[in-house]
Amino acid sequence: MTALRDGGCQCGALRFRIRGEPLSVCACHCTDCQRRSGSAFGITLFAARSQVELVRGEPARYDYAEADGRRWLGTYCPRCAVRLWSESPRVPEVLFLAAGTLDDRAGIEPVAHVWLRSARPWVRIPDHVLTFERQPDMETLVRAWRERRR
């Protein structure tokens, strides 16, 4: 991944920039990501909060709880409603970006597929990625990303 990536919402009202390598990228098959993405899973890019800069626009935020009770804060465009990232009070230094909002998604390949216990049965997982029935600790996903990038 290049040292600089730009992204934004569908209508262009919000734009952001990520500086440096992400911490990790994973595909999440939890029912919350399925609902939020309108698909079988969501692709999430983990970045340090200090790496992400809002370049244009004023996002809206919403507080939500996942099925297992974990609290999150979502950031989205108030005009087109595209979610850009989520924040967890448990790891306030990390933003969890919707990878599809990046302008250039080259090199954004998940190192892991998580929450496979709720994956759609027709989804095929590549052999070269880690798989987890539930949510692994973040350090495992960060380490896997670093190892792949070597």
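The single residue among R17, R36 that is at pLDDT 95 or above, of a type in the set (D, E, K, R) and in contact with a strand residue (DSSP E or B) (Cβ under 8 Å, 6 or more places away or on another chain) turns out to be R17.
Of all positions in region 49-70, at least one carries a residue that is touching an Asp or Glu at 6+ places or on another chain (Cβ under 7 Å) and under 16 Å from G7 (Cα atoms). Restricting to region 91-150, and then to whatever is over 15 Å from the mean Cα position of the chain (by Cα) and part of a strand (DSSP E or B), can you tell me which residue is farthest from L4 (Cα to Cα)? Taking the candidates together, the pick is T131.
Of the residues V94, V142, V114, the single one that is more than 19 Å from C9 (Cα to Cα), touching a Cys at 6+ places or on another chain (Cβ under 7 Å) and among the β-branched types (V, I, T) is V114.
From the residues in region 92-149 that are over 20 Å from T31 (Cα atoms) and among the acidic types (D, E), which one is surrounded by the most Cβ atoms within 10 Å (Cβ to Cβ)? Residue satisfying both the conditions and the ranking: E109. Applying a threshold of 7 Å to beta carbon distances and a minimum spacing of six or more residues, or different chains, the list of pairs starting in region 109-121 at a residue that is closer than 23 Å to R146 by Cβ and ending at one that is among the acidic types (D, E) and assigned to a loop (DSSP other than H, G, I, E, B) reads L116/E133.
The values are calculated or read from the model by the stated rules, or taken from the named source; none is laboratory data. In this text, all values refer to a predicted model and were calculated from it rather than measured experimentally. All Cβ positions, even for glycine, are placed from backbone atoms using ideal geometry, and neighbour counts span all protein chains on display.
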